[in-house]
Ligand code: IPE
Ligand code: IPE
Ligand code: MG
């Protein structure tokens with residue numbers, strides 16, 4: 001894709017449960033089909049030149065759900081990771097995760113580390129799964145580390161800048177989010193990348209995640225390309241009344 005292609009696309013993959021229920025099935029069926037959509041969109045994104053794709057997979061708040069649903073999501077994650085390793089290698093995709101994975105079973109942690117390790121030299125696109133991720137927790141942890149380093153003299157308070165904060169977040173080294181897509185018709189951010197998406201363009205879709213297609217993805221990118229981003233400044237084309245621009 002051309003010049004205005006977003007570098008970093010983040011997706012809140014919402015609506016799995018409602019989609020399954022609408023078909024008279026269990027919520028877990030929605031997660032299962034949803035995981036297949038992840039593969040399709042990953043492939044599509046790397047194919048059109050997206051450099052960073054970040055997917056909200058499990059939030060710090062999702063532990064409030066029934067244990068059986070959580071167990072299902074975790075077992076699906078294990079299967080997904082093993083199966084998708086091949087796709088990552090074939091498409092030169094670097095796998096990454098953000099969030100506190102220590103809350104997951106050891107087996108899951110090991111697979112996550114292993115896939116990350118095996119794909120670390122791939123460079124077409126970085127796919128990041130947000131797992132047990134919450135932006136408020138991420139920012140709180142960054143504050144704690146900054147305070148500790150300042151106390152130990154590794155950091156001087158007067159030198160703390162936005163760049164310093166960036167480097168203490170788990171998205172360290174990643175560019176800001178350009179486009180944030182949310183499926184499932186809710187219009188909220190649900191504690192996802194609050195800092196990183198400060199100037200992101202939002203696209204909200206009424207479709208549930210299991211129904212989301214490559215063509216919906218391309219449409220969202222097209223919508224992004226039409227948006228005028230100002231970052232607090234003025235449109236390039238606006239002429240002021242005295243003739244200056
Ligand atoms: C998103 O779908 C997946 C996760 C949060 C794990 P939901 O499970 O939230 O589906 P709905 O929103 O209840 O339909
Ligand atoms: C956001 O969806 C989290 C993920 C997609 C992983 P939720 O379904 O948890 O969001 P809320 O609770 O409706 O805001
Ligand atoms: Mg939901």
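Every read-out reported here was derived from the displayed coordinates using simple, explicitly stated rules and does not represent laboratory data. What you are looking at is a predicted structure, and each value in this text was computed from that prediction instead of being measured.
Some points to look at:
- Among 113, 228, 141: highest mean-square fluctuation, GNM of the chain, C-alpha pairs under 10 Å: 228
- Three semi-axes describe the equivalent ellipsoid of the chain; taken as square roots of 5 times the Cα gyration tensor eigenvalues and ordered largest first, they are 30, 26, 18 Å.
- The chain: calculated mean residue ellipticity at 222 nm from DSSP helix runs of at least 4, using -39500 (n - 2.57): -13500 deg cm²/dmol
- Highest-fluctuation residue, 107, 225, 214 considered, GNM on the chain with Cα pairs under 10 Å: 107
- Cα pair distances in the stretch 1-120, grouped into 5 Å bins until the bin that holds the longest one, percent each: 2, 9, 19, 23, 21, 14, 8, 3, 1, 0
- Inter-centroid distance (Cα atoms) of the stretch 93-166 relative to the stretch 177-200, Å: 19 Å
- Relative contact order of the chain, taken over Cα pairs closer than 8 Å and 6 or more residues apart, is 27 percent.
- Of 139, 221, 157, the one that fluctuates the most in a GNM where the chain has Cα springs shorter than 10 Å: 157
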